[in-house]
Amino acid sequence: MSTDNTATAAIPLRPLMVRIVRREAAATEIVRLELRHIDNIDLPAFEAGAHVDVEVAPGLVRQYSLCNDPAERHRYCLGILRDPASRGGSQTVHDRFEDGQLITIGWPRNHFPLHNDGAPAVLVAGGIGITPLLAMAHALQARSTPFSLHYCVRSRDRAAFFGDIVASAFGPALQLHLDDGPSEQRLSLDAVFADRHAHVYCCGPEGFIGHVTVGATSRGWPAGQLHVEHFKVDVSQDGNAFLVEARRSGVTVSVPSGVTVAKALMDAGVPVALSCEQGVCGSCLTPVLDGIPEHRDQYQTDEEKLANSHMTPCCSRSCSQVLVLDI
Ligand code: FES
């Protein structure tokens, strides 16, 4: 996961101070960072698929997936794409992060966990979406769970970690698909969805995820066996104005079109635990006491959204005139 947006945020929960012990180019416009604890002690354990919040600059937090072997405790590795549309996040990492620099990160959190039932897996990466899937590949290899790794990139020079994958124990599982290569090596969704027992994990740009998701739906693929990680989402705040009552805080605010619930609440002095501010991380998930949210997040499942018991104030709005939140 790699997100870029403009709003300020803070590292949630317990911060970790780490040192960038190695910065290197992983591919065209992709930098690899190796982080170690400043006291050279073990870092908190993480699961495959997890990400960390990185304080890119004071008050500017971005989320990046951990891509090294989850069995490692001495380091965290990140792969970060310079996003041409970046408004501060990845550009700052590429331009300012250096070897030896101390940075603050959050503890690992995982919204993209692997199944644990022994069924085979198919990992499908689009570009920098390879990062969480790399950690998954390590974990699956350690568990001796059969899997394949489809890695789609525009061109060979953009295939970050390609050499590492080829040299790894799971190198034979890799299938590289180049946009500028011959048609016969392109990603085949028939191959991805060939084994009805498999769990499919997909991470990449929205269009790529949409392509894989549509392919799953058209093949009648069970929803519970497709797992996706969105790493860049633009969430519109267009819509009708409504009121939000923050019941625990004893505050009611008006939320006009173009303004998020979170901003309206924070302007009124009600703290909201924000991180991605794009509806993908779940940090701001808030219980709904009354009213009907208009869910615009990618974090909750369809079933959870139908239940209307929680909403994400960073991006979701309200269908009802008044929304009452437990905050
Ligand atoms: Fe990430 Fe709201 S801050 S979902």
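The values are calculated or read from the model by the stated rules, or taken from the named source; none is laboratory data. Remember, predicted model here, so these are calculated numbers, not experimental data. Please note: Cβ atoms are built from the backbone with ideal geometry, for glycine as well, and neighbour counts cover all protein chains shown. We work out accessible area using only protein heavy atoms, side chains counted, and drop any ligands, DNA or RNA first. Shrake-Rupley method; radii C 1.70, N 1.55, O 1.52, S 1.80 Å.
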Checklist outcome for this item: With all protein chains present, region 53-191 has a carbon and sulfur share of its accessible area (1.4 Å probe) in percent of 50
Checklist entry - In terms of modelled amide H atoms, which long-range or inter-chain residues lie less than 5 Å from the amide H of residue 324? => result 245, 289, 290, 291
Item to check | Apportionment of accessible area to carbon and sulfur, region 239-327, percent (1.4 Å) | outcome: 50
Checklist entry - So if R0 is 25 Å, what FRET efficiency would residue 307 and residue 237 give, r being the distance between their Cβ atoms, rounded to the nearest 0.05? => result 0.60
Checklist entry - Based on DSSP H runs of at least 4 residues, each adding -39500 (n - 2.57), what is the mean residue ellipticity at 222 nm of the chain after dividing by all its residues, to the nearest 500 deg cm²/dmol? => result -5000 deg cm²/dmol
Next on the checklist: From the convex hull of the Cα coordinates of region 80-211, what is the mean projected area in square nanometres?
Outcome noted: 9.9
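Please work out the average accessible area per residue across the chain, using the 1.4 Å probe convention, and give it in Å². Could the numbers behind the result be given before it?
Numbers: 14150 Å² over 327 residues.
Averaged over the residues of the chain, the accessible area is 43 Å².
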Checklist outcome for this item: For the pair residue 141 and residue 115, the simple spin-label estimate (label points 7 Å beyond Cα toward Cβ) gives in nm 2.2
Item to check | Cα-Cα separations in the chain greater than 32 Å, expressed as whole percent | outcome: 31
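If you restrict to DSSP beta bridges whose two residues both lie in the chain, what percentage is antiparallel, to the nearest 5? Please report the intermediate quantities before stating the final value.
Details: 39 of 64 bridges.
In the chain, approximately 60 percent of DSSP beta bridges are antiparallel ones.
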Checklist outcome for this item: Note: residue 190 to residue 71 extended length (0.36 nm per residue) minus current alpha-carbon separation gives 39.6 nm
